[in-house]
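Chemist: First the structure, then my questions, so here it is.
The values are calculated or read from the model by the stated rules, or taken from the named source; none is laboratory data. None of these values were measured; they are calculated from a predicted model. Here the Cβ is made from the backbone with ideal geometry for all residues, glycine too, and neighbour counts use every protein chain on show. Side chains included, ligands, DNA and RNA excluded: accessible areas come from the protein's heavy atoms. Shrake-Rupley method; radii C 1.70, N 1.55, O 1.52, S 1.80 Å.
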Amino acid sequence: MPRRGPAEYNATIRMPEHGSIFGAMLQEFDEAARLLKLDPSIWRILTHPKRQIIVSCPVQMDSGEIEVFTGYRVQYNITLGPAKGGIRYHPDVSLDEVTALAAWMTWKCAVAHIPFGGGKGGIVCDPTRLSRRELEALTRRYVAEIIDAIGPEKDVPAPDVNTNDQVMAWVMDTYSMHVGHTSTAVVTGKPIELGGSLGRREATGRGVMIVTREAAKHRGLDLAAATIAIQGFGNVGSVSADLLARTGARIVAVTDSIGGVQNPKGLDVPKMLEYAAEHKTIDKFPGGEPITNEQLFALDTDVLIPAALENQITVDNAASIRTKILIEAANGPTTPEAHQMLHERGVFVVPDILANSGGVTVSYFEWVQDRYGYFWEESDVNARLEKKMHEAFHAVLQTAMKYGVDMRTAAYIVAISRVGTVTRMRGMYA
Ligand code: GLU
């Protein structure tokens, strides 16, 4: 195993013992790399971010004062193609988190078998306290600060936590103004009218539905009779709930950052979508009883879907989790220690880098359509997504069986093999 002392790291990346998210990613990586008997040189390359950018973004607030926000863009690896990954707006964004998320994007794109590397961006801010004008100014200044690093061939951002198609429209416009022509392929998750893809908004949730269906089939569980609990009702959680309810499954509980609701008979998801659109939360939704997040995790359901943030399932609550199947719609919702506990208890975990790869897969379709200037029907997008997700799920499942490992380790094995092979073929420059 390669030596990888703390001194090798950028000082701003905290090591695993300090609760680092990047440290958790490394733990997962190392497990798979050991089984693969990965060449130490490749090991060393793949455990270091290629490029980390930190920018200060001064913004004139509505009050007239200037506020300075910190932004990051990390390009973890670009061996397979341009860096790809979202931009998140959240008060807890850190370089450690963005680096881990950029690494996960690298493995996710490799598992999805699309020609992208991995990147991620973030701005430390509380978007709920920004006006629309402030949000636009912040977005444009952030893009201007990282402008040399992004582009259709270099690094292609997308939506993530608290960013949406409007934010992507501002990213696209700012970049286009700087280069002097309209460049749609610089960002994905855009509004349909300006080069977005049909089906992109629903893609992550649709992918979650597809892997849940495949996982249920594998476990001999009838999805149409299954009970499902979902943490998070943002873009991913709400679409997953909607599409899974359409398969006949019962969505028995949902929580969001404000509150939660449960109904053992099944929640009326279309009504919840309407309620959430109006109230910006599902808290106090009249179709059920209140439930906390910890209660949701402990429910005796067939499927549990964390669709919010990292580090939700930890050693503190893993023992109380009673689900049969865990579908990681969020990035990094389970710590490595908690994952080990669940695996030993026989919970079938579909890892984030597989479970939520539907989003970036349709981002790839959007990028292809933009570069072609030719746009597909929604049914075409969905059929191609179905095929990609099916292939990815079964490639990982077969690897899990071949190596006798859990699905997370198997997904890493698939990803590391693909990126590692190309790294070796391309050889070392300099
Ligand atoms: N933010 C999403 C993710 O974490 C989508 C990224 C993309 O489409 O580039 O996978």
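Chemist: Please go through (1) open to solvent by 10 Å² or more (accessible area, probe 1.4 Å); (2) of a type outside the set (D, E); (3) within 14 Å of the ligand (Cβ to nearest atom) for R371 and return the number of the only condition it doesn't satisfy.
Modeler: Single failed check for R371: (3).
Chemist: I'd like to check something: does the range 47-55 contain any residue that is within 14 Å of the ligand (Cβ to nearest atom) and over 15 Å from the mean Cα position of the chain (by Cα)?
Modeler: For the range 47-55, residues within 14 Å of the ligand (Cβ to nearest atom) and over 15 Å from the mean Cα position of the chain (by Cα): absent.
Chemist: Is it the case, given these coordinates, that T163 is under 16 Å from the mean Cα position of the chain (by Cα), within 16 Å of the ligand (Cβ to nearest atom) and open to solvent by 10 Å² or more (accessible area, probe 1.4 Å)?
Modeler: Considered against the rule, which asks whether it is under 16 Å from the mean Cα position of the chain (by Cα), within 16 Å of the ligand (Cβ to nearest atom) and open to solvent by 10 Å² or more (accessible area, probe 1.4 Å), T163 comes out as yes.
Chemist: Can you tell me which residue within the range 9-50, out of those that are of a type in the set (D, E) and surrounded by fewer than 20 Cβ atoms within 10 Å (Cβ to Cβ), is modelled with the lowest pLDDT?
Modeler: Restricting to residues being of a type in the set (D, E) and surrounded by fewer than 20 Cβ atoms within 10 Å (Cβ to Cβ), the top hit is E17.
To keep it simple, each residue is scored yes or no on (1) in contact with a Leu (Cβ under 9 Å, 6 or more places away or on another chain); (2) open to solvent by 30 Å² or more (accessible area, probe 1.4 Å); (3) at pLDDT below 95; (4) away from the ligand (no atom under 16 Å from the Cβ).
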{"site": "V93", "(1), (2), (3), (4)": "no, no, no, no"}
{"site": "D96", "(1), (2), (3), (4)": "no, no, no, yes"}
{"site": "W104", "(1), (2), (3), (4)": "no, no, no, no"}
{"site": "S131", "(1), (2), (3), (4)": "no, yes, no, yes"}
{"site": "T139", "(1), (2), (3), (4)": "no, no, no, no"}
{"site": "V143", "(1), (2), (3), (4)": "no, no, no, no"}
{"site": "I146", "(1), (2), (3), (4)": "no, no, no, no"}
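Chemist: To continue, here is another question. Quick check on my filter: what residues within the range 317-328 are within 16 Å of the ligand (Cβ to nearest atom) and of a type in the set (A, V, I, L, M, F, W, C)?
Modeler: Within the range 317-328, I327 is the sole residue that qualifies.
Chemist: Which residue out of N331, N356 is touching a residue at least 12 places away in the same chain (Cβ under 8 Å), within 16 Å of the ligand (Cβ to nearest atom) and out of contact with any Phe, Trp or Tyr (no Cβ under 6 Å at 6 or more places or on another chain)?
Modeler: Every option except N356 fails the conditions.
Chemist: Within the range 239-280, how many residues turn out to be in contact (Cβ under 8 Å) with a residue 40 or more places away in the chain and of a type in the set (S, T, N, Q)?
Modeler: Selection size over the range 239-280: 3.
Chemist: Looking at L267, is it more than 23 Å from R88 (Cβ to Cβ) and part of a loop (DSSP other than H, G, I, E, B)?
Modeler: Answer is yes for this residue.
Chemist: Quick test for you: out of G64, G119, G71, pick the one residue that is away from the ligand (no atom under 15 Å from the Cβ) and buried (at least 24 other Cβ atoms within 10 Å of the Cβ).
Modeler: Unique residue meeting the criteria: G71.
Chemist: Also, quick follow-up: Condition first: assigned to a loop (DSSP other than H, G, I, E, B) and open to solvent by less than 10 Å² (accessible area, probe 1.4 Å). Now tell me which residues in the range 200-219 satisfy that.
Modeler: none
Chemist: Report yes if V59 is in contact with an Asp or Glu (Cβ under 9 Å, 6 or more places away or on another chain) and either away from the ligand (no atom under 13 Å from the Cβ) or open to solvent by 40 Å² or more (accessible area, probe 1.4 Å) (or both), otherwise no.
Modeler: The answer is yes for V59.
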